[in-house]
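One structure is given here, and the rest of the page talks about it.
The values are calculated or read from the model by the stated rules, or taken from the named source; none is laboratory data. On a predicted model such as this, the values are computed, not experimentally measured, just so you know. Because the Cβ atoms are built from the backbone with ideal geometry, glycine has one as well, and the counts that use them run over all protein chains shown. Side chains included, ligands, DNA and RNA excluded: accessible areas come from the protein's heavy atoms. Shrake-Rupley method; radii C 1.70, N 1.55, O 1.52, S 1.80 Å.
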Amino acid sequence: MKSSLAIFVLCLVFLCGCGKDKIAENKTSEKKDSVTTINKNVSGSEKAGNPYYSKTDTTKLNVTDAEWKKILPDSIYQVGRGKATEEAFKGKYTNSTGKGTYYCAVCGNELFRSDSKFSSTCGWPSFFETRRTTSVIYQEDHSAGMERMEVLCGRCGSHLGHLFDDGPPPTFKRYCMNSIVLDFVADNEVKTTNTKK
């Protein structure tokens, strides 16, 4: 019975198209804490410890993987630069419904608005359109024995997830993303920040 359930779950992951041979997980609670700490230290247009992070600069970055490895928490580096995939149904934004904007956790590039997010039941946060046409770039992905379209950040080139043609109208696209490489800023947080004197 257990083996049948395991096979079913494995098939579900690959049918959704998001499964890869690598799984990104936080290996220790210390790493989880470091991700949380860095996310809480976002101030204005910069993320603490990351000189390339900006929510306003759209200039393309040319940063080596070695430099990213020094700057990024390991879990973000594994997915964003190592092209790993989060475990299905474990990402912090999989079922989130807050109103706001999603940014690249590697560089701060604006990616998606919450009104383009939908419940796809594939186990990862899904969107039907990007914020701007230049928010992301695409690359063919032939890994794991599948033919897929990889979605990369349009500013830093980090791996975000994959694109599929089974989304809702009006685009019929499903941007299947990894939560760990997304930062979310709620609309009410922006208003509060802008009104402070």
### Query
For segment 130-159, what are the residues that are of a type in the set (D, E, K, R), surrounded by fewer than 16 Cβ atoms within 10 Å (Cβ to Cβ) and at pLDDT 95 or above?
ARG132, GLU140
### Message
Here are the criteria: (1) farther than 16 Å from ASP183 by Cβ; (2) in a helix (DSSP H, G or I); (3) at pLDDT 55 or above; (4) open to solvent by less than 70 Å² (accessible area, probe 1.4 Å). Tell me which single one VAL63 does not satisfy.
### Response
(2)
### Task
Return the pairs, sorted by first residue and then second, in which the second residue is among the aromatic types (Phe, Trp, Tyr) and part of a strand (DSSP E or B), the first residue lies in segment 152-179 and is in contact (Cβ under 8 Å) with a residue 40 or more places away in the chain, the beta carbons are less than 7 Å apart, and the residues are 6+ apart or on different chains.
GLY161/TYR175; PRO168/PHE118; ARG174/PHE164; TYR175/PHE127; CYS176/PHE164; MET177/PHE127
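Filter segment 76-119 down to residues that are among the polar types (S, T, N, Q) and assigned to a strand (DSSP E or B) and give me whichever is surrounded by the most Cβ atoms within 10 Å (Cβ to Cβ). Before the answer, list the steps.
Let us first name the residues in segment 76-119 that are among the polar types (S, T, N, Q), namely 78, 85, 94-97, 101, 109, 114, 116, 119.
Still in the running and assigned to a strand (DSSP E or B): 85, 101.
Values: THR85: 24, THR101: 18.
The selected residue is THR85.
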### Query
Just to be sure, is LEU182 touching a strand residue (DSSP E or B) at 6+ places or on another chain (Cβ under 7 Å), among the aliphatic types (A, V, I, L, M) and free of Cβ contacts under 8 Å to residues at least 24 places away in the same chain?
no
### Query
How do the pairs read when you match residues in segment 122-141 that are without any contact (Cβ under 8 Å) to a residue 40 or more places away in the chain and on the phi < 0 side of the Ramachandran plot with residues anywhere that are part of a loop (DSSP other than H, G, I, E, B) and surrounded by 13 or more Cβ atoms within 10 Å (Cβ to Cβ), using Cβ under 7 Å and keeping only pairs 6 or more apart or on different chains?
SER135/ASN109; SER135/GLY154; VAL136/THR130; VAL136/GLY154; ILE137/GLY154
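Check segment 184-191 and report whether any residue there is open to solvent by less than 70 Å² (accessible area, probe 1.4 Å), more than 20 Å from LYS90 (Cβ to Cβ) and among the β-branched types (Val, Ile, Thr). Break it down stepwise before answering.
At the first step, the residues of segment 184-191 found to be open to solvent by less than 70 Å² (accessible area, probe 1.4 Å) are 184-187, 190.
From what is left, the residues that are more than 20 Å from LYS90 (Cβ to Cβ) are 185-187, 190.
Narrowing the set further to residues that are among the β-branched types (Val, Ile, Thr) leaves 185, 190.
Yes, there is a match, as at least one residue in segment 184-191 is open to solvent by less than 70 Å² (accessible area, probe 1.4 Å), more than 20 Å from LYS90 (Cβ to Cβ) and among the β-branched types (Val, Ile, Thr).
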### Message
Of everything in segment 58-89, what is among the charged types (D, E, K, R) and free of Cβ contacts under 8 Å to residues at least 40 places away in the same chain? Give them in sequence order.
### Response
ASP65, GLU67, LYS69, LYS70
### Query
Counting just the residues of segment 160-182 that are open to solvent by 10 Å² or more (accessible area, probe 1.4 Å) and either touching a helix residue (DSSP H, G or I) at 6+ places or on another chain (Cβ under 8 Å) or among the β-branched types (Val, Ile, Thr) (or both), which one comes out farthest from LYS99 (Cα to Cα)?
THR171
